Every structure is written in structure tokens, then in C-alpha cells.
Amino acid sequence: MKKSNLLEGILFILGGFIFLCIVLLTDSVLNSLLIGFASGSISSGIVMTWKYFYWNMPKNKERYQEKTANEKIELYDELKIKLRDKSRRYAYAIGLLTISTSIIIFSILGKLEIVDNSRLIVLYLGGYFIFQIVIDIVIFHQFHQLLKKYE
């Protein structure tokens with residue numbers, strides 16, 4: 001594993017501690033958001049640093065080389081590239097349809113003065129983000145099952 005992975009992990013930990021210091025030194029309405037950034041950064045950095053040391057242990061170096069070789073084969077397989085591209089295109093089309101429908105619905109709700117709270121829109125967009133990731137995985141899985149059927 002490269003030294004840049006270790007450096008990246010350490011930078012994530014430092015960034016998380018910077019966010020944590022900002023939270024502790026200030027009293028702001030953004031504290032809950034900053035605590036989320038701090039915990040996410042620190043935990044990601046710890047995992048990255050742990051993976052660096054784990055895969056650089058002498059007993060794990062051979063397994064890591066096998067793992068990276070298999071990942072490269074899977075990543076650059078032409079058929080899988082086409083499947084990934086196609087599934088992302090479908091997810092993109094579904095996303096555009098969802099956004100278009102959402103614009104109309106939120107416009108109507110705004111005119112009827114039902115929705116005036118930005119929190120609902122933020123929650124909706126967070127759910128939409130998760131929906132996009134899930135729909136991409138589901139579509140790719142369906143293409144992958146189809147691929148296994150013809151192999």
C-alpha cells in the first residue's frame with residue numbers, strides 16, 4: 001500500500017480534529033453539522049490508517065497484491081465497464097424524472113403554502129441522494145444477474 005494512503009488517513013484525522021476544535025471553541029447553530037464532519041473525518045482517517053498498517057504487515061503483503069490484481073482485472077473488464085455505464089445511464093434517467101416531478105410537487109406545495117420549511121427539502125434531497133445510490137446498485141445488480149445467465 002502506498003505512503004499516500006497513510007498520509008491521506010492522517011490528514012483526515014487532522015481535519016476531523018480541526019472541526020472538533022471549531023465546535024468546542026465556538027457556539028454556533030452549525031455545531032451539529034460540524035460534529036458530523038468531525039466524526040466522519042476522524043473515523044475515516046482511522047480506518048485508512050489502520051488499513052495501511054494492516055496491509056503492510058509482512059504476512060498480509062501477498063494477499064494484498066492478489067487483492068489489487070483481482071480488483072484491476074474486475075475494474076478494467078470491458079463487459080463490466082459497459083454494464084456499469086448502462087446502469088448509471090438508467091439511474092441518471094430515473095433521477096432526472098424524479099427531480100422533474102419533485103420540482104412540480106414542491107412548486108405546488110409552495111403555492112398552496114403547505115411547504116415553507118427548508119428542512120423538509122433538505123431531508124428530501126438527502127433521501128434522494130440515497131435513492132440515487134441504491135437505484136444504481138440495483139440496476140447494476142440486475143445487469144450482473146443477466147450476465148451470469150448468459151455465461
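If the Kirkwood radius is taken over C-alpha pairs of the range 1-89, then at 25 °C and 0.890 mPa s the Stokes-Einstein diffusion coefficient equals 156 µm²/s.
The P(r) of the range 70-151 has a tail past 17 Å containing 59 percent of all C-alpha pairs. Beyond 21 Å in Cα-Cα separation lie the following of the pairs Lys3/Lys82; Lys82/Lys148; Lys2/Lys67; Lys3/Lys59; Lys2/Lys86; Lys51/Lys148: Lys3/Lys82; Lys2/Lys86; Lys51/Lys148. Per residue of the chain, what 222 nm ellipticity follows from adding -39500 (n - 2.57) for every DSSP H run with n ≥ 4, rounded to the nearest 500? Mean residue ellipticity, 222 nm, calculated: -30500 deg cm²/dmol. Once the mean of 1/r is taken over each pair of separate Cα atoms and inverted, the chain shows a Kirkwood hydrodynamic radius of 19.7 Å.
Bear in mind these aren't lab numbers, they're just calculated from the coordinates by the rules spelled out. Here the structure is a predicted model, which means the values were calculated and not measured.
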